[in-house]
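Peer 1: After the structure tokens below, expect a handful of questions from me.
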């Protein structure tokens, strides 16, 4: 398990959700290995590839609810690849899942650019807490 300041994370996630017009209900983070993430990806999404985050959205019109699976193995390797710390990359992936719950996609080049910009904005909020 990564060491996270849960109070700070909760304040941050709530502030990001509020920025997009949502409150936070029940968001579960499941930190796992690449192999577990791959199994979830195969079983529930029919995808046969590794990924850093899988978000299952159970939100209502105004309240974010969901399960967010995060592969710590992939977070670690992504951090090394981009020259970030593990903690910084983990924060990026945590908020990436929340942004999916707010409706942000990342399947096209345009939406990937938008997602990255929103991640950066959210990460700046975290630094202010």
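Peer 1: Mean residue ellipticity at 222 nm from the helices of the chain, using -39,500 (n - 2.57) per DSSP H segment of n ≥ 4 over the full residue count, to the nearest 500 deg cm²/dmol?
Peer 2: That comes out to -17000 deg cm²/dmol.
Peer 1: If I model a spin label at residue 14 and residue 80 as a point 7 Å from the Cα along the Cα→Cβ vector, what separation in nanometres do I get?
Peer 2: According to this spin-label approximation, the distance is 3.8 nm.
Peer 1: Within a 10 angstrom radius of the beta carbon, how do 115, 81 rank from fewest other beta carbons to most?
Peer 2: With the sparsest Cβ surroundings first, the list reads 81, 115.
Peer 1: Neighbouring Cβ atoms within 10 Å as the yardstick, rank 86, 22 fewest first.
Peer 2: Least crowded to most crowded, the residues run 86, 22.
Peer 1: Taking every DSSP beta bridge that has both residues in segment 6-128, what percent is antiparallel when rounded to the nearest 5?
Peer 2: 40 percent
Peer 1: Using the number of other C-beta atoms within 10 angstrom as an exposure proxy, rank 71, 15, 59 with the fewest first.
Peer 2: The order, fewest Cβ neighbours first, is 15, 59, 71.
Peer 1: Given R₀ = 22 Å, FRET efficiency for residue 55-residue 88 by Cβ-Cβ distance, to 0.05?
Peer 2: Given R0 = 22 Å and the Cβ-Cβ separation, E is 0.65.
Peer 1: Find how many whole Å separate the alpha carbon centroid of segment 50-65 from the alpha carbon centroid of segment 112-127.
Peer 2: 17 Å
Peer 1: Something else: How large is the Rg to Rh ratio of segment 6-128 when both quantities use alpha carbon positions and Rh follows Kirkwood?
Peer 2: Checking Rg against Rh, the ratio lands at 0.94.
Read the figures in this text as sums done on the coordinates, not as results from a lab. Worth saying up front: this structure is predicted, and the values here are computed from it rather than measured. All Cβ positions, even for glycine, are placed from backbone atoms using ideal geometry, and neighbour counts span all protein chains on display.
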